[in-house]
Every structure is written in C-alpha cells, then in structure tokens.
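Notes follow once the structure below has been shown.
The values are calculated or read from the model by the stated rules, or taken from the named source; none is laboratory data. The structure presented is a predicted model; accordingly, all values stated were derived computationally and were not measured. Note: ideal-geometry Cβ built from the backbone for every residue, glycine included; neighbour counts use all protein chains shown.
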Amino acid sequence: MNFWFDPVNFIAHWLTGLFVGWGMADWFASLIIQLVGVFVLISLMMVFDVFLVWVERKVVARFQDRLGPNRVGPFGIFQPFADVIKLIIKEDITPAGADKVVYNLAPILSLMSVLLLWAIVPLAPVIFGVDLNVGALYIVAAGSIGTLSIIMAAWSSNNKYALIGAFRQVAVLVSFEIPMIATMLIPTILAGSMGMNEIVHGQQRVWYVVLAPLAALTFLIAAIAELGRSPFDLNEAESEIVAGFHIEYTGMKFGLFYAGELLHAFTFGGFWAVLFLGGYHFFGLENLGPLVAAVILFAKAMFGYWIIMWVRYTVMRIRIDHMLAFNWKFLTPVAFVLLMLTALMNTLLRNTPNVVYILGMFLTNVLLGWIIVEILRGFSRRERERTEGVASVIAAAHH
Amino acid sequence: MIPLSWFLILSAALFSIGLFGVLSRKNAVAILLGIELMLNAVNINLVSFWRYGDVSQMAGQVFAIIVFAVAASEVAVGLALVISVYRRRNTVIADELDLMKW
Amino acid sequence: MTAMQIFFLITGLVILGSALMVVTTRNLIHAALWLIVTLFGVAVLYAILNASFLAVVQVVVYIGAIAILFIFAVMLTRKEMRDRGPQLNTGWWLNAIIALLTFGGLFWMLQGWNGFSKTAADFPSGYDAVGQLGKALISPDAFVLPFEVASVLLLAALVGSVYLAFNRK
Amino acid sequence: MTTETLIWLIPLPPVLAFFLIVLFTNRNKALSHTVAVGAAFLSWLGAMIVFGNSIFKPDLGKAPFASSLNWIPTADTWLKIGVQVDPLSAVVLFFVAWTVLMIFLYSVGYHNYGQPAGDHDHPGLPPHGATDEHGHAVPSIEPMYSRFFAFISLFAFGMFTLVLSDNLLTLFAGWEIMGLCSYLLIGFWYGKESARNAAVKAFMTTRVGDVFMLLGIAFLYSATGSLSYRDIFQPQVLHALASVPTPIFGLSAAGLIGLLLFIGTVGKSAQFPLHVWLPDAMEGPTPVSAMIHAATMVSAGVYMVIRMFPLISLDPKTMTIIAIIGTFTAIFAATIAVAQNDIKRVLAYSTISQLGFMIAALGVGAYAAAAFHLVTHAFFKALLFLGSGSVIHGMEHGVLHTGDHSVDPQNMFNMGGLRRKMPITFWTFLIGGFALSGFPLLTAGFWSKDEILADAFSNGHLIVFITLAVAAFLTAFYTMRQITLTFLGEPRTKEAEHAHETSWTMTAPLVILAGFAISAGWVGIPQDFLGLHLNPSWFHEFVGSTLAAMPEATPFSWVAFGTSLLVALGGLFFGWLVYRNVAAPEQDKLQIPLLKNKYYFDEIYNFLLIKPSYWFAETFVYQWVDKGLIDGILHFFGKAANVIGSVVRKYIDLWFINQTVGDGTAHITQWVGKNLRPIQSGRIQQYMLVSLIVLLAIAGLLYYLLVIV
C-alpha cells in the first residue's frame, strides 16, 4: 500500500502501528485515530470556510460590478482573516432576558449540523469519513439539527424578530425538506443504494444530471431554500425583521452562524456534485489518485456553490406565502411526479443498451419539463387575466 | 458484547420515567413529552428484540417504524388539541381541564 | 468491559439523565430540549443495534419534526417566557413510587425470562438490514398492509389536527 | 394468458362497468350503454374462449380448470376464493354468457335508445312517450337509462361469479348480489306501487330461502371444515357426511345439508311454496324478466342443486322431497299458466313449471337431463321473454298511436293478428314456443324434456312420469294458446292494428336466440334414439363426466318417446283448436277463478301468515290479554293492595320503616355518596394513577398466587 494511492489508510496504519507499539489496546488506538481523522477533516473544512468568505465577497462584488476585497494580500486573499480577528475581538454580548445555555449552544449546533454532513461526503474513492448506507437520509437528519439550532437561537435570544425569523425558517425548512428528500431518492433509485459512495460509483458511466436533469434542478432549488439564501432568505430578511434568528448575536457567535451558512451553501454544492454531477468522476481523471479526485470534487462543489451565489445575487426575495405555496403547490408535486416517473422508466429501460437507457431517461425528463412549462404558462396566463383583465392579455398575445 | 438485558432494563427505566412524567406533570404538553419517552422505551425494546432474535424477521424494525408513525400522529393531534383548548380555556394545566367531574 | 459496553453505558446514562430532566425541569422549553437529547441517545442506541436506518429516521422524525412541534406548542401556549410555580402535581411522590413499582415489576418479569441475558449473533454474511426492511415493508406476505394503514393514519392525523387547531374567527 | 387467468377475468368487466356507469358516465346514455354492452361482450368473449378450451380438454371432469387464493383468514386456516370450470359450469357459462350479451343488446332497443326524452316522464315510471317535431306520438327514452345498465351489469357480475366460483361461499356471494339486483330491477319503476310491492315481495321471499341456505352452508362448513367443491366431493368426505345422522326427520347430515341448500333453491328458482314472487316480478322491465326470471337467476338455483348433486343424492329422503316438490310445482304452475291473460305472466308461470321439471328430474336422479333442460330452457325462455317484450313494445307503439292509454298492451286479448305486423317477432316467438312445448325432433325443448321423461320412466318413478307428462301437455297447450291469442287470427283492437316491428337491437337477439332454441337440443340426442345407434349423446358424456361416476345413459323407451311426442303435438293442436276463435276473456272456458287467481296463493299466505300476525297483535294481545286479563288482575291487585297498604301504613310503616330503616338507608347512602364523590375528579392523571395502582395490585396478587403459593 503506497501513500499516493491510499493516503488515509496509509497514515492510519502507520499511526496504529505507532500507538500499539506504545502499548495501547488497539480499540483505543483506532478510537484515537478516528478522532484524529475527524479533527483533521473539521479543521480542513474550517480553514476552507475562511477561504469561502473571501470567495463569496469577491463573487458578490463581481456580480454587483465592484472590485471587492483587494487590499490585504494578493487579491485581498487575507481579508477574511482580518474579518475573523475583528469578530473575535468584538465584545461578546448576551442579552439580559436570554436563556444563557441555549443561547450559547445554538451557534455551535448550527455549525455542527453543517460539519456533520462532511462525514459522508466521499472526497475520493478511498477518502471518506464513513460509507453510511442511509446517506441520503443522513443529510436530512443533519439538516433537522440545523433547524433545531435556529429555533434555539431564536427562542433563547428572547426577541420577537428572532422568533418570527425562526418560525419562517422552520416553516420553510420543514416544507422544503419534502421535495428535497424526494429528489434525493432519484439518485438513490438510479444507483440502487442510499450510500453516497454507491451513488458516486454509479455515475462512473454517466452523470445523473444527464439521466435526471429536472431532479438536479429541483434539488438545487430545494437546497437553496434549505440554506435560507435569497430568494428564500426570509429567515433573515433584513428589510423586514432586521436579521432574523441571529439578530441578538455578536462577535464570534455571529461568526459561527455566518461561517455555518457559507459552509452550508458550499456543502450543498458538494452534495449536488455528489448526487448529480458524478462526484469525483471526471472522465477518468480521478484515477490519477485520490488527491486529484478530491480536487475534482471540490471544483465541482465550487461550481455548485457558484450557481447558488449566482441565484442569490440575481433573484430578489419573495413573500413567505408565495414561497410556501410555490413549494406545496408546485415543487412537491413535481418532485413526486419525477420520482415516480424515474422509477418507472428505470425499471422499464434497465435491461436496454446504454444509449437507449440514457436517451430514454433524458427524453422523459425533457418531455416532463415541457409539460410542466406548459402548465405553468397556462396558470400564469390565467393569473394575468385575473389581475389585468382579459383584453390586455389577448392584446399582449397578439404582439 | 452487550447482553440483551441491558437494553431491556434501560427501556424499562425509560418507560418508568416517562410514566412518572405522564402522571405528575401539570402541563398537558409536558404530559405528551412523557408519552414520547414511553413510546421510545417501547421502540428500544422492539429494535433490540429484532437484533437479538432472528435478524431475518424484520417485524421488530417494522413495528418500530409504525410506532414512529403513531407517535407522529399522536403528537400532531395532541398538540392541536392542546392549542385549541388553550384558545378556549386559556390554560394547558391538565388539572384545570376537569369539566367531566361529577 | 469492551469499548462497546462503555459506550453503551455512557449513552444509557445520558438517556436516563436527560429523561429525568424532561420530567422534572421547570422550564418547558428546556424539557423539550432535554427530550431531544434523550431522543438523540435513543438514536445512538439504534446505531449500536446496527439499525442504522431507524437511527437516522429517529433523528429525522423525532428531532426534526416532533421535538420542533413540541417547542412550537410550548411557545404557542405560554403567556410569558418562564414558568412560575411548581410544574409537578401535588402528590408526585406517590406517582414516583408507582413508577418505581412499575419498573420493579417489569424488571422482575424480565429477569424471570430465560432469554434475558443472551447476546446477539453476528449478522449472516452479505446481510443488508435496510434492504431487508424495505422488502419487509412492501412485500404482500409481510407488512405491506400495516404500512399502508399507518400511512392512512398519518393522513387522518394530519387532517384532524389541522381541523382542531384551525382558528375559526 | 392461461385459461385460469382468463376465468378470473371473466366476471370483472361487468362490475367495472357498474362502477364506471354509476360513478362517471351516468349522465351520458350512449356512453353508459356502450360501456355496459362492451363489458358484456368482453365477458362473452372470455366465456367463449374458456368454453372452447374446456370442450377440447380431455377428462375435464377429473381435472377441471381451477385456481384459488386465500381470502378470509379464519382461526387456523383460510377461506379460499377461487374459480373452477368443470363441464357443468362450462355449459352454464356458455348459455349465461350468450343470454346476458343478447339481453344487454336487447335492452338498448327496449328502452327506446335514440328516441326523444318524454314529455312528462318521471324517473321511476315507465316512459309515457313523447311528441316528435312533427307532432307524432313516439316512444320516449327511459329516464333512468344509465341506471338500468349499471344494475344489469352488476347482475351479470353476480351471475358470472356464481357460475365460476369453486366454493359455496363465493357462490353465495354471487347469489346474494343477484338477490339485491333483482330487488333493484324489479322495483326499477319504483314510481309504481305494484313494482315496489313486487320488489319487496321478491326480496323477502327469496330471503326465506337464503337463510336456510346459509344455515346449510354453515352446517356444511362446520361438518367438513371446507366449502370448496373439490374438498367436499372427496369420496371419504361424502361418505362421512352420509353416515352422520341428525335429529331432524332422521336425515343424514348430507341429507339435511342438501335439504337446507335446496330450500335456498326453492326460494331462488321459485319452487312451490316460495313461487309467489316470480309472477309479480314481471313488474320489472321485460329485459329484466328475461334475464332474472328466465335465463340466469332462477337458473342459478337449479344450477346450485345440480352442482351439489353428489351431496344431495346421498340421502334418498331428500331426493324424494326434491322430486315431489319439483313435480308438483311443474303441474301446478302449468295449470295456473293456462288461465293467465297477461302475456308475461303466462311465461312467468311456465318458467316456474319448467324449473319444476328440472328439479323433478334432479329428484329422480337424472343429472344430465336436468342440466340439459336448464341450458335449453334458458335459451328458449329468454327468447320467449324477449319476444313478448318485443310484442309489448309493438303494442305500445299502437297505444301511442291511438293515444288510448286505458288499453293494457300486455293483455293477450287485446292483441291478435300480430304475425303480419311483426313477422320477425312472430317467427322467433313461434320457434321459442315450440321449443317450450317440445315440438318433436326439431326443437331443443323436445330433446331435453324427452330425456327428463325418459329418465323418470326408466327409473320407475311412474307418478312423476305421468304428472310431468300432463304438465308437458299443459305446457304445449298454454303455449299454443298464447301464440294463437297473440299472433294468429285478426287484430282485436286498434292498437294491435297499429303495432309494428321493433328495432334491430331487439330483433337481432331474438333471431340469434331462436337459432339456439333449435340447435341447442341437438347436442343431447340420446345414443340409441329410436333404436338407431347414433353417437353417444355429447352433452350427456360431457356433463356427466362432472360426476365421479358417469351416470349411465337412459335406455330408449317407446313409451316415453311416444308420450312426449303425444303431449307436445296434442297440446299444441288443442291449444290452437280451442283458442283459434276466442275473441274475449268471456269466451275463454278456462278462466276458472281458481286458476285465474293462482289457487289463491297470495290470499292464502295473506290469510295464513299476515292476517294472523296482525290479528294476534291487535285483537288477542292488545284487546284481550292486555286490556282484559292483565289490566283486570292489576286492578284487582291494586284494590287489594290499597286496603292492605292503608293497614300496613298505619301500624308498621310510619313508625318503623320511615324513621329507622328508610331514613337510615337514605342517610347512609347520602354519606357514602358524599364521600365517594371526589373520586370522580375529572382529572385524567388521577384516573390513570388509580388504574395503575389497581393494575399493580392485581400483578402483586398474581405474583403471590402463582409464585409464593
């Protein structure tokens, strides 16, 4: 076993040998090594998180036709470190009416819920935290812990705005979880397993984004809603409820929320890549070695993250009832239809040659998409007729 | 390896604690919390019996899932009841809801 | 005393301790949060029992939905932040005794059973619990009917709770 | 698709059609009848395929097409639901499928599809006709058109289920579905008082039979632990059943079960004494009469007895009872039919009488003959009913034309000379009538009836033979009477003159059924007929193979042959002779009140059952017992008690009871009540607590009793 092709196990074996040499029981040794692994992964992500701050600021600047941070270091790359220092040295306020324990627990949980997710991301064929056979559900589970942290934060900070924000956020999370699960089940069906590794492995032949483009899209939308980013950022709608659930937080606690949000976005970019963009597969390039594979995955995750940012900085915020209606009346049905259709087509075409299979799945999606668009068009037409009156619509149609 | 007895005793204890909660909490919501504890105790039993029995028989896990469903519906309806009661009577103390006495 | 056992003992202690907090603590929100800790511990127990699916579902359903519902309910049914006055009925000691007796009775019944302290056999090779569960849930000669009935129950509960909590004004 | 799968599928289209029509298409008449007829056609197709397969399957009797699956879990086993096609059910399936399809098709025309909606038609009343754009009076479409098709579809489902089932339970289910449908369809025109009563009457009367049948089934299940034919007809099972005695008339278990099941048949196929409902059932639309009361439902009863023949035949007593009832019904209904003037009632009574023939044949052990007559009768009776419907329809045209609604379009004395007006109906009806009366050699009825007579004769049941012969004679007689009054001679009323032929949807079924009414008999020509050695009778071979032991073909006897020849021709001839120039009921010699009023059976039942119960309740219980006796006694006691009371009161009550006992008890009760009241605190937790304490107490007690003691 050499380092290049299996670094994790290589190091793990080496360390085990070392510890056992020191006379530890091997269960203890393995325990320590796993803890070390977790620690390394987390710290890696945190450092990356700091980098994400810079990315976010640069990208938003470009979207808004500004330069963005460009003073500290080349391209302002060290700007986020300055931010972090600022956050740390800020005064750490705990409101008088707040519930201390819960108040302090919330941000930690919030970040934890994001970091938990990385336990099941297969960075490379041989680099992954754990190959959980119910990975898809695990994502939702971690998400629910995030929800919990938000409620705790809002309630404990004893602030009406915060509570309103939390209520909105929870309503959104709970309802958008449904299409998300449904669309996560589609790669599950295609790969025949809920395990992330299985799913990625299943995309060696063809990425699922080809087989299920609509599912990928739906998942992305639901994910954005889960993240509570614009256009779905009602939990912290600055113009209405100042900052939502973390209104009372200052200093590094706020920093944790902020970091959590960014990392969450990036993480969902990663899951999008894993579920639909073929994970670490890139035309056989991943075979060069695990580290290359990991880089590929990060690149794809970054791409997803970029799309999320793109949406965030182009689309404007929508109203809460519109949002929930959009979920229950449009996204959820679409997700379920997709699920059934995919299952059906998959069973029908399973034994056909690759080309037929891929074409079949793809065309099914295209067809369904077309139908959906038609329905939407009819709906919006009726809406317009209701609001503007028939004549104007007909007139518009004539042009 | 953990013997079955540990799980059983743990669930029995959890059940009793839940029972205590159900019996002695004032607040209706708290009573529901106690019921949740009891349900969980039951689930622990079910799953451990599945694991320690014949694993090819999935009855234990299936029942656990059905208990999940039951718990979810129970909480939904129960809390709805509590809230509507609170709207009308402006209280959620179980002892104050004693219209049905002699 | 293997690592597993230590792990189990810690989990068990967490579960029981937090459960006690659930039934005793004054602040109902805290009680709900403690309940979440308990539920999480139970999820860990499932994981120890190799029922990974149930473990995750426990987190999703209980923590993600039920506990949140509880917190909402508490928030919606309180006038002020803190609860005043005792949260326990008078005569709670009697309830405590009853609960202890119940535990004693359960324990006595269990230890009378011959399979009380048996240990788990390893899984047969290539055994896939999740797959088995899925098959069991949908195969007609297993549990498809209870499964469907449960779904109907959920629907009924949904409708019923909406109707109950609906504010006619 | 295997034949078994196909068999499963046969009953489904009608029931689907039923729900489809009831739930969705009931607004749209065309769609409704398309659905219903299409469903009937699908079932027909399946039935034909199955029939074909079963004909060409060697020794079908030994190894029938059968498949079954678990239905209702009982304690340790399952009640199975299953299908089975053995020769018997194959032939029954054959005619059921045909008649059902024909009748469905016929109904389209009968309910005036394509005609305008009536001017003043109400749902629940027969259409009264409409005026078209030229102001002519034309028949109007049935207001509840779709509903009718829904009902008969459900009915067809019941019949198919019954025929195809492989156990008594499913059979009973189909049986009851048909009971319901007959109720719904007889009362289809619920606007008419008579229809309502007829529906209720039919339902109630058949119920009487069904209760006994259910008893029989229950007894059978408790005795054998199974209801599937295959299990019951195991030789050892049959033997066991035959050997077990029962307290009732010293019948064996088999005999008793057979008897109970047979009572079910008596109700369903309108045998004496439960025959009263069938004539009244003519209140329903004619297709219903044809379907329920000729082709299928009443046949179901006979089919059930034939099906259970191996069981029933075990006990000679039961067989005798069956033979007697069958024979009596045959003759008795025939005599009534002679004096009826309503074209449909004549057919109704002839149906009863023909069913009597089958039952009698079964009673004398003529298995194949009974089945044979069942098949042929179904064809020509359906034909006759549809024909009569066509006649009535034609008459209604006439009535509409003249606009004189007082004329009863069903009364045969209002008709006459219709052969020129409606030739197709006439010829088909003639064929049907000849088949019914057993016109020699040509028609189906002859062969089947001849076989029955021959069987009765050769098995030495002379009385049965003679009675049936007379009945056959009467049959021919009243059939000819009917034909003469209806078709021959000159029109007696303006309506009859203006009657005209009905639409093809009505005549086409007539023609097809007429074909069967002739040809269906040829499959059963006995082997040594007239002593010339033909092939062995196919029908006999085929159906007979259903039984474990093939019943031997009856030897040909000139007596039986001659008799049936004689009665048939004689009856026909006399019928023509007597009625060729009878113009009005007054000139009809046979309008004897006794026969006209069906031996006063309704009145007798009214007198024996209904009146007495009224009288018992009203006069006896209320007037005498209650008012006179009891009240008198009470009054006496009252007075006496009054006296004693006043004495007692003074000396005991006031100072002893009141002060000490009375008030004392009151005080105690009050005290107890006051102290027990808090227990019901309305606090859920307290209740829970108490119940738990009790539970624990019981547990402790058990522990003490089980472990320590």
- Quick check: is even one residue across segment A:376-384 in contact with a helix residue (DSSP H, G or I) (Cβ under 6 Å, 6 or more places away or on another chain) and closer than 30 Å to residue A:190 by Cβ? no
- List the number of the failed condition for residue D:83; all other conditions in (1) part of a strand (DSSP E or B); (2) at pLDDT below 80 hold. (2)
- Query: Restricting attention to segment D:471-495, which residues are of a type in the set (A, V, I, L, M, F, W, C) and either without any contact (Cβ under 8 Å) to a residue 24 or more places away in the chain or touching a helix residue (DSSP H, G or I) at 6+ places or on another chain (Cβ under 6 Å) (or both)?
  - Reply: D:471, D:472, D:473, D:474, D:476, D:477, D:480, D:483, D:485, D:487
- Message: Can you confirm whether residue D:646 is at pLDDT 75 or above and closer than 28 Å to residue D:432 by Cβ?
- Response: no
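Okay, residues lined up against (1) in contact with a Pro (Cβ under 8 Å, 6 or more places away or on another chain); (2) farther than 23 Å from residue D:283 by Cβ; (3) surrounded by fewer than 22 Cβ atoms within 10 Å (Cβ to Cβ):
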| site | (1), (2), (3) |
| --- | --- |
| D:390 | no, no, no |
| D:395 | yes, no, no |
| D:407 | no, no, yes |
| D:410 | no, no, yes |
| D:422 | no, yes, no |
| D:441 | no, yes, yes |
| D:452 | no, yes, no |
| D:459 | no, yes, yes |
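Give the residues of segment A:129-178 that are in a helix (DSSP H, G or I), β-branched (Val, Ile, Thr) and more than 9 Å from chain C (Cβ to nearest Cβ), sorted by residue number.
Of everything in segment A:129-178, those that are in a helix (DSSP H, G or I), β-branched (Val, Ile, Thr) and more than 9 Å from chain C (Cβ to nearest Cβ) turn out to be A:139, A:150, A:164, A:172, A:178.
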- Item | One residue from D:400, D:362, D:374, D:347 being touching a Gly at 6+ places or on another chain (Cβ under 8 Å), part of a helix (DSSP H, G or I) and surrounded by 24 or more Cβ atoms within 10 Å (Cβ to Cβ) | D:362
- Task: Please state which of the following conditions residue D:157 fails to meet, knowing it meets all the rest: (1) more than 30 Å from residue D:401 (Cβ to Cβ); (2) assigned to a helix (DSSP H, G or I); (3) at pLDDT below 90.
- Result: (3)
- Looking only at residues in segment B:9-25 that are within 7 Å of another protein chain (Cβ to nearest Cβ) and among the polar types (S, T, N, Q), which one is nearest to residue C:12 (Cα to Cα)? B:16
- Working only within segment A:188-228, note down all residues that are buried (at least 22 other Cβ atoms within 10 Å of the Cβ) and charged (D, E, K, R). A:226
- Message: Regarding segment D:303-314, can at least one residue be identified that is out of contact with any Leu (no Cβ under 8 Å at 6 or more places or on another chain) and assigned to a helix (DSSP H, G or I)?
- Response: no
- Exception for residue D:270 within (1) within 19 Å of the chain's Cα centre (by Cα); (2) part of a helix (DSSP H, G or I); (3) buried (at least 22 other Cβ atoms within 10 Å of the Cβ) falls at (2)
- Query: So, in segment C:20-38, of the ones that are farther than 15 Å from residue B:22 by Cα and either surrounded by 22 or more Cβ atoms within 10 Å (Cβ to Cβ) or free of Cβ contacts under 8 Å to residues at least 40 places away in the same chain (or both), which residue ends up farthest from the other protein chains (Cβ to nearest Cβ)?
  - Reply: C:37
- Query: Do you know which residues across segment A:199-233 are under 15 Å from residue A:270 (Cα atoms) and among the charged types (D, E, K, R)?
  - Reply: A:226
- Message: Is it the case, given these coordinates, that residue B:56 is part of a loop (DSSP other than H, G, I, E, B), surrounded by fewer than 23 Cβ atoms within 10 Å (Cβ to Cβ) and either more than 7 Å from chain C (Cβ to nearest Cβ) or out of contact with any Ser or Thr (no Cβ under 9 Å at 6 or more places or on another chain) (or both)?
- Response: yes
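Of the residues B:20, B:7, which single one is in a helix (DSSP H, G or I), in contact (Cβ under 8 Å) with a residue 40 or more places away in the chain and not aliphatic (A, V, I, L, M)?
B:7
Here is a yes/no grid of residues against (1) acidic (Asp, Glu); (2) at pLDDT below 80; (3) touching a helix residue (DSSP H, G or I) at 6+ places or on another chain (Cβ under 9 Å); (4) outside any loop (DSSP other than H, G, I, E, B):
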| residue | (1), (2), (3), (4) |
| --- | --- |
| D:509 | no, no, yes, yes |
| D:518 | no, no, yes, yes |
| D:526 | no, yes, yes, no |
| D:534 | no, yes, no, no |
| D:546 | no, yes, yes, no |
| D:555 | no, yes, yes, no |
| D:574 | no, no, yes, yes |
- The number of residues in segment A:4-60 that are assigned to a loop (DSSP other than H, G, I, E, B) and surrounded by 14 or more Cβ atoms within 10 Å (Cβ to Cβ) is 3
- Query: Could you count how many residues in segment D:424-439 are assigned to a helix (DSSP H, G or I) and crowded, with 24+ Cβ neighbours inside 10 Å?
  - Reply: 10
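Residue-wise test of (1) within 9 Å of chain B (Cβ to nearest Cβ); (2) surrounded by fewer than 17 Cβ atoms within 10 Å (Cβ to Cβ); (3) at pLDDT below 80; (4) closer than 27 Å to residue B:19 by Cα.
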{"residue": "C:84", "(1), (2), (3), (4)": "no, yes, yes, yes"}
{"residue": "C:99", "(1), (2), (3), (4)": "yes, no, no, yes"}
{"residue": "C:112", "(1), (2), (3), (4)": "no, yes, yes, yes"}
{"residue": "C:115", "(1), (2), (3), (4)": "yes, yes, yes, yes"}
{"residue": "C:118", "(1), (2), (3), (4)": "yes, yes, yes, no"}
{"residue": "C:138", "(1), (2), (3), (4)": "no, yes, no, no"}
{"residue": "C:149", "(1), (2), (3), (4)": "yes, yes, no, no"}
- Say whether the condition of being of a type in the set (D, E, K, R), in contact (Cβ under 8 Å) with a residue 40 or more places away in the chain and not assigned by TED's automatic domain parsing to the domain that holds residue A:258 is met by at least one residue in segment A:10-29. no
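Tally time: how many residues in segment D:459-473 are in a helix (DSSP H, G or I) and either more than 24 Å from the chain's Cα centre (by Cα) or of a type in the set (S, T, N, Q) (or both)?
Qualifying residue count, segment D:459-473: 9.
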- Query: Got a sec? Which of A:131, A:92, A:99 is surrounded by fewer than 20 Cβ atoms within 10 Å (Cβ to Cβ), touching a residue at least 12 places away in the same chain (Cβ under 8 Å), touching a helix residue (DSSP H, G or I) at 6+ places or on another chain (Cβ under 7 Å) and farther than 30 Å from residue A:204 by Cα?
  - Reply: A:92
- Note on the structure: For segment C:39-71, the count of residues that are at the interface with chain A (Cβ under 10 Å from one of its Cβ atoms) and under 12 Å from residue A:148 (Cα atoms) equals 10
- Within segment C:120-134, residues at the interface with chain B (Cβ under 8 Å from one of its Cβ atoms) and within 28 Å of residue D:70 (Cβ to Cβ) come out as C:132, C:133
- Matching entry among B:41, B:64, B:28 (being buried (at least 22 other Cβ atoms within 10 Å of the Cβ), at the interface with chain C (Cβ under 7 Å from one of its Cβ atoms) and under 19 Å from residue C:36 (Cα atoms)): B:64
